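K.L.:
To start, I am sharing the structure in question, which I have written as structure tokens.
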Amino acid sequence: MDLLLSPEDLAFRDEVRRVLAESLPHDMRRAIDLTTGFIVDPEISIHFHRVLASRGWSVPHWPLEHGGTGWTPVQRYIFDLEWGRAGAPLYNASGSHFVGPVIIHYGTPEQKDKYLPRIRSGEDYWAQGYSEPGSGSDLASLKTKAESDGDHYVVNGQKIWTTNAHKANRIFALVRTSSTGKRQEGISFVLFDMDMPGITVRPIIGNGGDHEFNEVFFNDVRVPKSNRIGEENKGWEIAKYLLEFERGGRVLAGQVRGQFAALVRLMAARCPDDDELRARLAEIGTDLDAMEMIDISVLSTLQTGGNPGPISSLLKLRWSQIRQAIAELAMDAIGDDALTWMPQRPLYETLQLPPEEELALGMTPRYLNSRTFTIMGGTSEVQTNILAKSLVGL
């Protein structure tokens, strides 16, 4: 890859590496390494986000006029790759990568002025209110209802699998504003403050022992209609636009490269001479190389103001499978020791163990959590159907 970089890009890469090295102290790196769930706690990641915000780097994928960096696609790729390789935490993808681009594309000037600066700075932490009991893959069947009452909606219903809702101060949600016509035509996209009267959050503890998911209940919640993004009953278009960014709007190569590097260290310590496992490791490495090339093509589209389109489903599908393959190989490398694990981070955060032992200790809950990669954000079956219709024409 270095052979393709200009001297300016190489200098930029060195600057990114320097900033990352200076901004990720040992304690933060260890806390990140001990994270067995999907997301580093915002109390930890906010410190790194503020460093990036002070340099104007917190939302490099946004248009320049809204606080983006104006980097070239190659620079964007370098930044995301080095970020992942360094194990740097992402503060709030639901804000910076999901609702942020939606507000930029569909929001009013007032909404942009209110929300975008707070996302850039990290002042706001967003949750995503899409899935409901019985409305996951079939999102158009959602039942959370918003009834018109003057300048407000009165909202009643329930969301589920809401990541970090217990940490968020805002949530964007799909609500039903009409029950006539096609199901997709009666949905609106609305922003809520989490402290609005009538919003209740109930925890869901995953089988890996982590508290990241929640149920969110809306009981006669009054929300101003000025919090609606786009037109009433046109939220399905916005929802699809957001999902393209969720599934393919950010480079995962660096993040997965970091996980792959940890797997290499683990195997070197546990099973350096197992040819079968080494062959599987090489296959994953080859898949990573291929996916990086696709990521670069998507970055070029985003840089010119476009959205990822159907290719986002391919990215979601393959990255989910590769991340699961890494977790599965790690379990095989650990062997019988995978049966001995501590399901909650607080139980072992204070332990002083060699790095490889700490790494092994967290692999079982990581594996258990990884089973949802091919479900959350849209199941693999849904992604396959999208690809079959949009790219193959079936």
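The values are calculated or read from the model by the stated rules, or taken from the named source; none is laboratory data. A quick note: this is a predicted structure, and the numbers were derived from the prediction, not measured. Note that we place each Cβ from the backbone using ideal geometry, even for glycine, and neighbour counts take in every protein chain shown. Ligands, DNA and RNA are excluded from the accessible area calculation, which covers all protein heavy atoms including side chains. Shrake-Rupley method; radii C 1.70, N 1.55, O 1.52, S 1.80 Å.
K.L.:
Nearest 0.05, what FRET efficiency do residue 222 and residue 22 give at R0 = 41 Å with Cβ-Cβ as r?
P.N.:
Efficiency, rounded to the nearest 0.05: 0.30.
K.L.:
What number do you get for region 168-281 when its Cα radius of gyration is normalised by 2.2 N^0.38 Å, N = residues?
P.N.:
Its radius of gyration relative to the 2.2 N^0.38 Å reference: 1.62.
K.L.:
If you don't mind, there's one more thing I want to ask. Based on Cα positions only, what radius of gyration and what Dmax would you give for region 102-161, in angstroms?
P.N.:
In Å, with Rg to one decimal and Dmax whole: 14.6, 36.
K.L.:
For a Förster distance of 35 Å, can you work out the FRET efficiency between the beta-carbons of residue 193 and residue 276, rounded to the nearest 0.05?
P.N.:
Rounded to the nearest 0.05, the efficiency is 0.05.
K.L.:
Residue 294 versus residue 33, label points 7 Å from Cα toward the beta carbon: distance in nm?
P.N.:
3.1
K.L.:
Now, a different point. In what sequence, largest accessible area first, do 177, 340, 200 appear using a 1.4 Å probe?
P.N.:
Output order, biggest surface exposure first: 340, 200, 177.
K.L.:
Give the residue list of GluC sites (Glu not before Pro) in region 160-227 that are DSSP loop and have at most 13 other beta-carbon atoms within 10 angstrom.
P.N.:
Qualifying residues, ordered by number: none.
K.L.:
In addition: Please compute the Cα-Cα pair-distance distribution of the chain with 10 Å bins starting at 0, giving whole percents from short to long.
P.N.:
5, 22, 32, 27, 12, 3, 0, 0
K.L.:
With +1 on each Lys and Arg Cβ and -1 on each Asp and Glu Cβ, and nothing else charged, work out how big the dipole of the chain is about its Cα centre, in Debye to the nearest 20.
P.N.:
Dipole magnitude for the chain comes out near 980 debye.
K.L.:
Could you tell me which of the pairs 234/389; 114/316; 145/316; 182/225; 225/316; 145/182 are separated by over 26 angstrom between their Cα atoms in the structure shown?
P.N.:
114/316; 145/316; 225/316
K.L.:
Compute the label zone of residue 264 within region 360-385: residues whose backbone N is under 20 Å from the point 7 Å along Cα-to-Cβ.
P.N.:
360, 363
K.L.:
A follow-up question, please. State the percent of C-alpha pairs, over all pairs in region 126-226, separated by a distance greater than 24 angstrom.
P.N.:
19
K.L.:
Using alpha carbon centroids, what distance separates region 1-74 and region 371-394, in Å?
P.N.:
30
K.L.:
Considering only C-alpha atoms, what is the centroid distance from region 84-123 to region 157-210, in Å?
P.N.:
Cα centroid of region 84-123 versus Cα centroid of region 157-210: 18 Å apart.
K.L.:
Taking the Cβ of residue 140 as the centre, find all other residues whose Cβ is under 9 Å away and add up their charges (Lys, Arg: +1; Asp, Glu: -1).
P.N.:
Surrounding charge for residue 140 is +1.
K.L.:
Another question about this same structure. How many percent of Cα pairs in region 59-196 exceed 27 Å?
P.N.:
Of all Cα-Cα pairs in region 59-196, 30 percent lie more than 27 Å apart.
K.L.:
Counting only protein heavy atoms and a 1.4 Å probe, tell me what percentage of region 88-236's accessible area is made up of carbon and sulfur.
P.N.:
It is 47 percent, rounded to a whole number.
K.L.:
To continue, here is another question. For a bin width of 10 Å, list the pair-distance distribution of region 1-115 built from all Cα-Cα distances, rounded to whole %.
P.N.:
Cα pair-distance distribution for region 1-115, in percent: 12, 41, 32, 14, 1.
K.L.:
Mind checking the full-extension length gain between residue 66 and residue 381? Use 0.36 nm per residue of separation minus the Cα-Cα distance, one decimal, nm.
P.N.:
109.8 nm
K.L.:
Just how large is the dipole of region 96-141 about the Cα centre, in debye to the nearest 20, putting +1 at every Lys and Arg Cβ and -1 at every Asp and Glu Cβ?
P.N.:
That gives a dipole near 200 debye.
K.L.:
Something else now. Can you send over the solvent-accessible area of residue 221, 1.4 Å probe, protein chains only, in Å² to the nearest 10?
P.N.:
0
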